[in-house]
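Note sheet for the following structure.
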Amino acid sequence: MTRTIITIIATTMMITTCKGHGASPLNGESTPAEEHIRPATQADRFYTGDARELSEEVDSLLALHSGETVCQDVAALIVPHAGYYYSGNVAAAAYMSLPADRHFKRIFLLGPSHHEWLDGASVNTAADGYATPLGHVRVDRATALALVAADSVFSYQPKAHDREHCLEVQLPFLQRFFANEVPPIVPIIISTNDFLKLKRMAEVLTPYFTEENLFIVSSDFSHYPSYEDALEVDAKTGKAIESGDVEQFLAVLEANARSGKRNLATSACGEQAIATLMLMLDSTYEVKHLMYQNSGDIDRDSRTPSAQSRVVGYHAFAIVRHLPPIPSQRKEAAATGFSLSDEEKQMLKDIALQSISDSLNSHISSSAPHSSFSIPHLSSLISNFPALMEKCGAFVSLHKHGRLRGCIGHFGEDVPLHEIVARMARAAAFEDPRFRPVTKDELKDIDIEISVLTPMRRIHSLDEFELHRHGIYIRQGYRSGTFLPQVADEVNWTKEEFVGHCAQDKAGIGWDGWKDAELYVYEAIVF
């Protein structure tokens, strides 16, 4: 899908009537005396302070990307924040990836502190709005106050916002793109080197990371290396962000810092804000790279030596949310005919245990390519058991002295059973966020339980759901959750309580959310 060409604005009448890019609705309105409006401190610094010139400049930048592909279901953007002369083109590429008809309840703006050390995050709970030459953008103070109340890692520190440019420079783009429907913003400045605090921020923000809200992270990239070094460093950083893996992102930043690149002050000034965003991502999100330039591209013909010897890099990314896939369904005959012998069950348990042991010894990640799950002394035997080559879902649960120690599963039938068991065993041991990673010392005390799943079947009434026999899978929009059949053996719940807890505790859609959701049942071969 592509956006139609936008005519570059030339007259005042066109500015106020051009669909999708009109002036802010608050432009020119009087402000009640009791309201606190943060002034436009960066006007005539990072962008022009003249309203008409600013409108024309932003619209011209947006028009440069009018024929490019629009990303549906955008959850977040990563956008640069330098002066418009340098980074405006890249910023416009990010904003024009949004669908023109998309409406958001609020926009969370996350960026770094360039002036104050916070050791946390500052949320602007004092401002009712932010001013620009184009008018005012409202602040969602209720949400800002809720964040501060939720965790002490959030606070309000006025000096973090007074002179900060990284969020302000995004506002004219929002005003021109969203026209008369600019959603209220939640301004957040982040400044800490404590990764655990970033995780706490992500945990508080995740309930807001839904389809009704947009997150915008403001960050420039490499600062002050040569043009050639910037290309190399920014390419590595960009690829790490595209991976969606926050640990890979932070590792690349550290490697860049140790690379010895002359004058490289940072690989991403908004690294903490980017990391916070990445901590909220899971497999339902895809990071799309949209555009890259650095200041040397704009000043390529400049005779000033610093134009090419000390540059700043600019990336634009869109983070796209995908619906959780409904696992494919095999024919019913295949489902009823699928079984596992005692020898096959023992083989899968051996694979799970060896997978965890190998990972402890070699630190192989559960997200590694499938080929890394080869277990040499078992591989030659697997071909003798055709059932282990079947493509079906499985959960691996770990228990220690009778208590759950980790449980991770995979729906769908895209990977052979023996490989998915190896992968889920590693994930249950090291990636279940509820537990610390399993250690070598406790491996001897770990009991492994495997649940091989039969194909999903859509139901339309709880009358079709059999407690203790069926597992339940609930999906509503982008949210989903499941309980395995054996959960019913561990609790004294009715069918209504079973699906209610799944909807509330697993899918996050509330106790009665299942009533308006898609319901699926499946069975499990548990051993």
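The values are calculated or read from the model by the stated rules, or taken from the named source; none is laboratory data. Keep in mind that this is a model prediction, so the values were computed, not measured. Glycine also receives a Cβ, built like all others from the backbone with ideal geometry; neighbour counts cover every protein chain displayed. Keep in mind that these areas ignore ligands, DNA and RNA; they rest on the heavy atoms of the full protein, side chains included. Shrake-Rupley method; radii C 1.70, N 1.55, O 1.52, S 1.80 Å.
Yes/no matrix, rows are residues, columns are (1) modelled with pLDDT under 55; (2) surrounded by fewer than 11 Cβ atoms within 10 Å (Cβ to Cβ); (3) touching a Lys or Arg at 6+ places or on another chain (Cβ under 7 Å):
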{"site": "324", "(1), (2), (3)": "no, no, yes"}
{"site": "327", "(1), (2), (3)": "yes, no, no"}
{"site": "336", "(1), (2), (3)": "yes, yes, no"}
{"site": "341", "(1), (2), (3)": "no, yes, no"}
{"site": "348", "(1), (2), (3)": "no, no, no"}
{"site": "351", "(1), (2), (3)": "no, no, no"}
{"site": "355", "(1), (2), (3)": "no, no, yes"}
{"site": "361", "(1), (2), (3)": "no, yes, no"}
{"site": "367", "(1), (2), (3)": "yes, no, no"}
Select from segment 257-273 the residues that are touching a residue at least 24 places away in the same chain (Cβ under 8 Å) and in a helix (DSSP H, G or I) and write down the one among them that is nearest to residue 195 (Cα to Cα). 272
Against the definition (within 22 Å of residue 87 (Cα to Cα) and either among the charged types (D, E, K, R) or open to solvent by 30 Å² or more (accessible area, probe 1.4 Å) (or both)), how does residue 293 come out, yes or no? yes
If I filter segment 96-109 for residues that are among the hydroxyl-bearing types (Ser, Thr, Tyr), touching a helix residue (DSSP H, G or I) at 6+ places or on another chain (Cβ under 7 Å), open to solvent by less than 30 Å² (accessible area, probe 1.4 Å) and closer than 25 Å to residue 321 by Cβ, do I get at least one hit? no
Can residue 448 be described as at pLDDT 90 or above, among the aliphatic types (A, V, I, L, M) and open to solvent by less than 40 Å² (accessible area, probe 1.4 Å)? yes
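This table checks each residue for (1) in contact with a His (Cβ under 6 Å, 6 or more places away or on another chain); (2) surrounded by 18 or more Cβ atoms within 10 Å (Cβ to Cβ); (3) under 26 Å from residue 475 (Cα atoms).
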site: 394; (1), (2), (3): no, yes, yes
site: 403; (1), (2), (3): no, no, no
site: 406; (1), (2), (3): no, yes, yes
site: 411; (1), (2), (3): no, yes, yes
site: 418; (1), (2), (3): no, yes, no
site: 438; (1), (2), (3): no, yes, no
site: 452; (1), (2), (3): no, yes, yes
If residue 516 satisfies every condition in (1) over 24 Å from residue 397 (Cβ atoms); (2) surrounded by 14 or more Cβ atoms within 10 Å (Cβ to Cβ) but one, which is the exception? (2)
Filtered residues of segment 450-479 (kept if under 27 Å from residue 351 (Cβ atoms), in contact with a helix residue (DSSP H, G or I) (Cβ under 9 Å, 6 or more places away or on another chain) and in contact (Cβ under 8 Å) with a residue 60 or more places away in the chain): 450, 452, 454, 455, 473
Of the candidates 49, 20, the one satisfying the condition of being of a type outside the set (Val, Ile, Thr), at pLDDT 95 or above and part of a loop (DSSP other than H, G, I, E, B) is 49
Is it the case, given these coordinates, that residue 261 is basic (Lys, Arg) and under 18 Å from the mean Cα position of the chain (by Cα)? no
Somewhere in segment 233-254, is a residue outside any helix (DSSP H, G or I) and under 24 Å from residue 115 (Cβ atoms)? no
